[in-house]
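To keep things clear, I will list the structure first and then write my remarks on it.
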Amino acid sequence: MKMLLSIFCLYLLIDSAYAQSLGGLPVDRATGRIRYQAVVPVAGVSQADLVARACEWATAAASPDTPPVIWHQPDTEVLVLSGAQPFAYTYAMGGTFNGRPRTQTIRSVLHYTLRLYLEEGRYRYEATDFAFVRPTSPTKEPAEDPLIRTKAITESGASSLAAERQQFQVVTAKLLTQLQDAMRKPSGESAAN
């Protein structure tokens, strides 16, 4: 029994250390990709209304430059939304310039996929496939590369990584909060702004 308890405690420590090494991001162990998921109750709302609300939200939340791609197989409960939005973060570079702290702002576009499993009175979402497109490269870079796999080798690099991770968490939290707000509101009342 003591052996079993010791193994369980060791598992908890390893699991906790693993989660901390991922910067607090929810990573699917099977895929190694960031994945946010939840089941959200919306009492008294039909599946058709949930589909309408999700499509409305996706269109309102999208960047004007990159409208969302919405895929819904008729007679199924699954709605897949592929979207993008501007992403920027500012970090301290160290030192000063003209008496002011030196900072740098990095701008890119954050792409994501949102799968909604819609049933009357509730839905489940899975936000996955996060990727950045940087101004210097048209290629999508999986978000896990800079947010989890990259290790800082300088103080400025550590500041940049910390700022990027924090902004990613802020942006994804806002995105998912807007989704939940929109799914609670009747169609025609946008919650994306």
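Which shape class applies to region 139-178: rounded if a/c is under 1.5, otherwise prolate when a/b exceeds b/c and oblate if not, where a ≥ b ≥ c are the square roots of the Cα gyration tensor eigenvalues? Taking the square roots of the gyration eigenvalues as a ≥ b ≥ c, region 139-178 is oblate.
Take the Cβ atoms of Thr90 and Ala52, set R0 to 30 Å, and the FRET efficiency comes out at 0.20.
Our note on the geometry: Cα centres of region 38-104 and region 119-193, 8 Å apart. In debye, nearest 20: dipole of region 64-193 around its Cα centre with unit charges on the Cβ of K, R (+) and D, E (-)? It works out to roughly 600 debye.
Counting only protein heavy atoms and using a 1.4 Å probe, the accessible area of Lys185 comes to about 80 Å². Considering only Gly83, Ala30, Val40, and ranking their Cα positions along the charge dipole of region 19-83 that arises from unit charges at the beta-carbon of Lys, Arg, Asp and Glu, the one farthest toward the positive end is Ala30. Less than 5 angstrom separates the built amide H of Glu77 from none of the residues sequence-distant by 5 or more or on a different chain. Just check region 48-103 against the gyration tensor rule for me: Cα atoms, a ≥ b ≥ c as the square roots of the eigenvalues, rounded for a/c under 1.5, and otherwise prolate or oblate depending on whether a/b exceeds b/c. The shape class here is prolate. Protection proxy ranking, highest mean first, for peptides 167-176, 78-87: 78-87, 167-176, where packing is the per-residue count of other beta-carbon atoms within 10 Å, averaged. Surface exposure of region 120-189, expressed per residue as accessible area with a 1.4 Å probe, stands at 53 Å².
The values are calculated or read from the model by the stated rules, or taken from the named source; none is laboratory data. Quantities reported herein were computed from a predicted structural model and do not represent experimental measurements. We place every Cβ from the backbone using ideal geometry, glycine too, and count neighbours over all the protein chains shown. Protein only, heavy atoms only, side chains kept; ligands, DNA and RNA dropped before computing areas. Shrake-Rupley method; radii C 1.70, N 1.55, O 1.52, S 1.80 Å.
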